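Everything below concerns the one structure shown next.
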Amino acid sequence: MDTIKRWGTAACLAAAVVLAGCATPRLIESDVTSYTQWPEQRRPGTFTFERLPSQQARPEEQARIEALALPALQQLGFRLVPESAQPDVTIQVGVSRTRYDRAPWDDPWPYGYAGWGFGHRFALGVGLGWQIPSPYYVFQVAVLIRDAKTKQVLYETSARHDGRWTDEGLQAALFEAALKDFPRPALSPRRVRIEIPRDGSAPAAAASAPQPGAPAGSPAR
């Protein structure tokens, strides 16, 4: 009976450790580069998303990217409106992803190894191992803000992150990192750290995004 109780206690402790690990925030580190011509007294106002022709060709994918960027923009005080409302600025957002079969620090011989040796009692030992490399990703998000009337670029920023994660929570965190110092000039590049839920969920937008009537996307360079 005591053995059953001990096993039950151990199982409960293991479950508690797993749940605690799931509750721990995940730290996303990214390298951010920003350039600003934002007027000192100007405040964030209304905006619409602007899409490049390549992004207009992928409306569903671009709408998903804009939804990921929207919470970070709303945190700054920007308000998304239909294009017919004559917004103060237009904003282009984009995400690029590069996939590698393995990380730079992974074992260059990842698929297995074998070894042999003699023990002090003249016993022959053979060891075998097997390791499958995990994919490695480089993500970069970019944001470009223009004055809606003059088309002047007011703010340009990007954030880059590399690692194993690919979830939407990561991408939303990169937009938050890219806009972290808006509208102030800041050292570029710089390291920005953002905490997100361990489950990788993306933050919910404060309001649903109306469908833009005009173009938006990966900021033009």
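The values are calculated or read from the model by the stated rules, or taken from the named source; none is laboratory data. All values derive from a computational prediction rather than experimental measurement. Backbone-built Cβ (ideal geometry, glycine too); neighbour counts: all protein chains shown. Protein only, heavy atoms only, side chains kept; ligands, DNA and RNA dropped before computing areas. Shrake-Rupley method; radii C 1.70, N 1.55, O 1.52, S 1.80 Å.
Values computed for the structure shown
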{"read-out": "Pairwise label distance in nanometres, R43 with D147, each label 7 Å out on the Cα-Cβ vector", "value": "1.9"}
{"read-out": "Accessible area of S188 in the full protein assembly, 1.4 Å probe (Å², nearest 10)", "value": "40"}
{"read-out": "FRET efficiency, 1/(1 + (r/R0)^6) with R0 22 Å, evaluated for L76 and Y137 via beta carbons", "value": "0.25"}
{"read-out": "Relative contact order %, the stretch 136-192, counting alpha carbon pairs below 8 Å whose residues are six or more apart", "value": "34"}
{"read-out": "Pairs of Cα atoms farther than 16 Å apart, the stretch 29-76, %", "value": "60"}
{"read-out": "Distance-filtered residues of the stretch 143-161 - backbone nitrogen under 17 Å, label point 7 angstrom along E29 Cα→Cβ", "value": "159-161"}
{"read-out": "Highest to lowest packing among 65-72, 163-170, 54-61, scored as the average C-beta count within 10 Å", "value": "65-72, 163-170, 54-61"}
